[in-house]
1. Largest first and in whole Å, what are the equivalent-ellipsoid semi-axes of the stretch B:61-159 based on the Cα gyration tensor, each being the root of 5 times an eigenvalue?
2. For the pairs C:K50/C:K225; B:K56/B:K141; C:K38/C:K191, note any where the Cα-Cα span goes beyond 19 Å.
3. Along the charge dipole of the stretch A:111-181, pointing to its positive end and built from +1/-1 on Cβ of Lys, Arg, Asp and Glu, which listed residue (A:I139, A:A149, A:I166) has its Cα farthest out?
4. Could you give the DSSP H helices of chain C that reach 15 angstrom or more along their long axis (alpha carbon positions) and whose average Kyte-Doolittle hydropathy is no lower than -0.5?
5. Using helices alone, what [θ] at 222 nm do you get for the protein assembly as shown, with -39,500 (n - 2.57) per DSSP H run of 4 or more residues, divided over all residues and rounded to the nearest 500?
6. Can you list which of the DSSP-assigned H helices in chain A have a Cα extent of 20 Å or more along the long axis and an average Kyte-Doolittle score of at least 1.0?
7. Over the Cα atoms of the stretch C:58-195, what Rg and Dmax result, in angstrom?
8. For the stretch A:92-216, what does the relative contact order come out to in percent, with C-alpha contacts under 8 Å and a separation of six or more?
Amino acid sequence: MIQLLQNLGRTTRAGFTKLGRGTFFLLHALGGLGSILPRPRLILNQLYAVGVLSFLIITISGLFVGMVLGLQGYYILSDFGAEETLGLMVAASLVRELGPVVTALLFAGRAGSALTAEIGLMKATEQLSGMEMMAVDPIKRIISPRFLAGLLSMPLLAALFSMVGILGGHMVGVGMLGVDEGSYWSQMQAGIDFQDDIVNGVIKSIVFGFVTTWIALFEGYDTIPTSEGVSRATTRTVVNSAFSILGLDFILTALMFGD
Amino acid sequence: MQHTSTQDTLVGLFVAAGIVGLLFLALQVSNLSTFIEEDTYTVTARFENSGGLKIKSPVSAAGVKIGQVSAISFDPTTYESVVEMHINTKYNTIPDDTSASIFTAGLLGEQYVNLVPGGSEEYLKNGSTIEITQSAIILEKVIGQFLFKSAEEKAETKK
Amino acid sequence: MDNSVSSPNSLVSVHNLSFSRGNKKIFDNISLEFERGKITAIMGPSGTGKTTLLKLIGGQLFPDQGSVAVDGQNVHRLRRSELYNLRKRMGMLFQSGALLTDMSVFDNVAFPLREHTHLPESMIRTLVLMKLQAVGLRGARDLMPNELSGGMARRIALARAIALDPMMIMYDEPFTGQDPISMGALVHLIKSLNNILGLTSIIVSHDVHETAAIADYIYVLSDGKIIGQGTPKEIQQSESEWVQQFMTGAADGPVHFHYPATDYVDDLLLSKKRSRRVSKRYGQL
């Protein structure tokens, strides 16, 4: 029993220590943003690695999610005779919740774990150390560009997800199930408010991008420099990102969509 | 540094696609195209009961949205609901004896302010007040009336 | 404490250095001098923290006690920008080469030049080719690090280390795991670069034969202390048992062959349970 409490205490303390290290790491990386802005090449490379390579999985997932929403939504709404509001239902679900959240989760799984593995491997093969000895700050050179790329990519990917999803819902609802084309869009436009829904959704995706990229980069930077350590770090990235995204989603939703 | 012009093109396409996505959401999906930063003038109306009317609820005339509710407050001296509305300056020929009623869109839909123009030669301007108002229909009252009426009729037929 | 009493010929001076990692004392009040223009070797059994010493000299780790002076500057008292400036004049060759894996060989060698100078690309190209030529790998300039053999990777890393014409180079186990030919090439390179470029070289190694062949001075470390120092000739004639065991590679000597354990016969005859309990207690010695 005492052993259990001791372990719990130790783990909690270690957790706080890690959070502290992570915060210093974040501040250092944010400070480095200024020095990489005059070097767009670095940022572009990372935008490619993080954004472009996630493009496919995000759009395909968005399409399927939108199509399922169209299908399920139709069945549920037809019980109330409200099929014409399908467009509004699909759009609201995507823009407010599924777009930012699912994109963030997919991002953490694909781009996040790849970032962790890359940084972890650089640590394990002493590349980060080597850079330090060459008087190049590895955080400014390696971490900051990746951080910026993640932050910029997320809202773009979430918007793409929502857009493709809405089109997918259209394909199923209007194309296959007979919902009126005009109603699909007009109900949507009447019901989705730019500030309350679109802007809030974008804010959510920026927050998720910030947190997910931070976790991914820090887990890689902090990992034990062995191959086992790196593989465990990538798992931690995905798990911790998932917890953070879902937890933050609740908080943000309560703040934004309450009255 | 690994960089090819293919990579650059793809990044450019990605960013462009993302921006297209955002624009799509803004314009095609939301109500952005109507009523952003358009000029409006403010008109007030007092209701005995404004029911389920909310801020940003539409203000319509002849079925067309011409403005939205900007503020709702409670007047503690007259015990009325004071509803403030922003009306698009395009529609500046609304007579000042127009009546305002609170209707419900559809059976369970949201409530809106419906304006029925009067015949006056003077028009509503910024700061005008609409004098003739009809409150929202409260469902509970209607049901209560209905039950009371059917009880009365039953009593009548018994006689 | 800043004991700046060092010989004027020393580029690097380590004074009364103590460093612990957790409970283990890695270095216990050691002092070393590294003379300008000479090749100094640090040798000792694996795990004595030789790489740690290089990190302490480079300012990546902080000592618990004592000081490290490089070219007259106390490394650990420097501000970040000053430390970075000092590091530009220090080259380091890591055990694995530590090449950046997402860049070609050319870009790897060009890296310090691109990061720290504003030289035009044409000049950088010339310099990179010169450095690659010096290590004999100019023809490999477009390869990627994962296409290189271990020996080639180390030579590229060496070319990178001399890119900014440093005043000193630190080699972390440069000979480990090399075949005789690559080893020979590397030994030749280290010696000739040191002489031609007027470098000061610090080699950390446990390859006795190769290191003794080119070192001007050797320090032998064990258990956090210096157990022998001198020219290669002096070391080989050393009377210390420890040094002799290390230099000759004897299996048993002051560093025991057997890990501490109970009596052999007792262990074989005792029941399994009892012997485990006894050897567990014994192991805590």
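1. 34, 16, 14
2. From C:K50/C:K225; B:K56/B:K141; C:K38/C:K191, over 19 Å: B:K56/B:K141.
3. Most positive-ward Cα: A:I139.
4. Result, helices passing both filters: C:105-116, C:121-134, C:150-161, C:180-196.
5. -16000 deg cm²/dmol
6. Correct list, ordered by number: A:53-78, A:144-170.
7. Final numbers for Rg and Dmax: 15.7, 47 Å.
8. Over the stretch A:92-216, the number comes to 52 percent.
The values are calculated or read from the model by the stated rules, or taken from the named source; none is laboratory data. What you see is a predicted model, and the numbers here were worked out from it, not measured in a lab. Quick reminder, even Gly has a Cβ in these numbers, built from the backbone with ideal geometry, and neighbours come from all protein chains shown. SASA here: full protein model, heavy atoms, side chains in, ligands and nucleic acids out. Shrake-Rupley method; radii C 1.70, N 1.55, O 1.52, S 1.80 Å.
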